[in-house]
Amino acid sequence: MLIYNVYCDESCHLENDGQKAMVFGAVWSLIDKKQEISQRVKDIRERHGMSPGFEFKWTKISSSKVQMYLDLVDYFFDDDDINFRCLVIPDKQVINHKKFNQTHDDWYYKQYFNMLKIILRPSDQYNIYLDIKDTRSNAKVQKLHDVLCNNAYDFSRQVIHKVQQIRSHEVAQSQIADVLIGAMAYKARELDANEGKRAVINRIAERSGYSLSRSTLYKEEKFNILYWQGEH
C-alpha cells in the first residue's frame with residue numbers, strides 16, 4: 001500500500017462573493033517525499049533572498065517577485081513526484097441548487113469529491129489536508145471526510161485515512177497548490193491586469209502543454225483540469 005499526502009484548497013468558493021468563477025484543487029505526492037519537496041521550495045525561497053518565513057501565495061505575485069514564482073512553477077513541472085488536479089466552475093450563476101434540492105454546502109462537498117475522485121485508488125491510502133479558513137472549518141472537515149468515504153465506499157476509512165486542517169504557511173505543497181489554483185482562478189475569471197500573474201499563467205500553460213481554458217484528458221496525471229459543465 002502506498003501512502004499519499006493530498007493538499008487541497010479552493011478559490012472564490014463562497015456562494016455570493018461577487019466572483020464569477022470558482023476553483024477546487026489539490027497537489028499530491030507520496031508521504032515520504034514531503035521533506036524533499038519542502039527543501040526544494042526552501043531553496044527557491046533562499047535563492048531569491050526571501051526570509052525563511054516567506055509564504056508562496058498567488059496574491060503575493062508581483063513583477064518584482066515573478067522570477068521566483070516562475071522557478072516554483074518550473075520546479076513543480078520538473079519533479080515527477082508531485083501532481084496537480086483542479087475542478088473549475090466557470091460561472092457560479094448557472095448552479096441551480098433549488099432544482100436539485102440542495103444547499104450550497106451540499107453542492108460544495110459533492111464538487112470536492114468530483115475533484116478528488118480520480119486521485120483516489122482503492123489499493124492506496126490518503127491523508128487529505130485543507131487550509132484553515134474560518135470558525136466552521138472543523139465541522140466542514142468532518143463532513144467532507146464523511147462524504148468522501150461514503151462516495152468512495154470507504155466505510156472503514158482504510159483508503160481516506162484522515163482529513164484534517166493545516167496552516168498552509170507551514171507546508172510547501174500547500175503553497176504550491178495555492179499558486180496553481182490561484183492561476184487557474186485568475187484565468188477562469190478572465191483577468192489580466194497583473195503582469196507578473198500573466199507571466200506565471202503563461203509559464204504554466206507552456207510547461208503543461210495545455211491552454212488552461214478547457215478540460216484535459218481524464219487520465220492526465222501531472223496537470224489535470226476538469227471544467228465543470230453542470231448540472232448538479
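With r as the distance between the Cβ atoms of Ser51 and Lys219 and R0 = 41 Å, compute the FRET efficiency 1/(1 + (r/R0)^6) and round to 0.05.
Approximately 0.50, to the nearest 0.05.
Quick check on the range 3-227: of the DSSP beta bridges with both residues there, what percent are antiparallel, nearest 5%?
45
Using Stokes-Einstein with the Kirkwood hydrodynamic radius over Cα pairs, what translational diffusion coefficient do you get for the chain at 10 °C and a viscosity of 1.306 mPa s, in µm²/s rounded to a whole number?
The Stokes-Einstein estimate is 88 µm²/s.
Just to be sure I understand: if I project the alpha-carbon convex hull of the range 34-149 onto a plane and average over all orientations, what area do I get in nm²?
So the Cα hull casts an average projection of 10.3 nm².
What nm value, rounded to one decimal, do you get for the distance between Arg157 and Asn101 when each label is placed 7 Å out toward the C-beta?
Once both label points are built, they end up 3.0 nm from each other.
Which of the residue pairs Lys20/Lys197; Lys110/Lys140; Lys34/Lys57; Lys60/Lys110 have a Cα-Cα distance greater than 22 Å in the structure shown?
Over 22 Å apart, Cα to Cα: Lys60/Lys110.
FYI, it's all coordinate maths here, none of it is from the lab. Keep in mind that this is a model prediction, so the values were computed, not measured. Every residue, glycine as well, gets a Cβ built from its backbone with ideal geometry; the counts of neighbours run over all protein chains shown.
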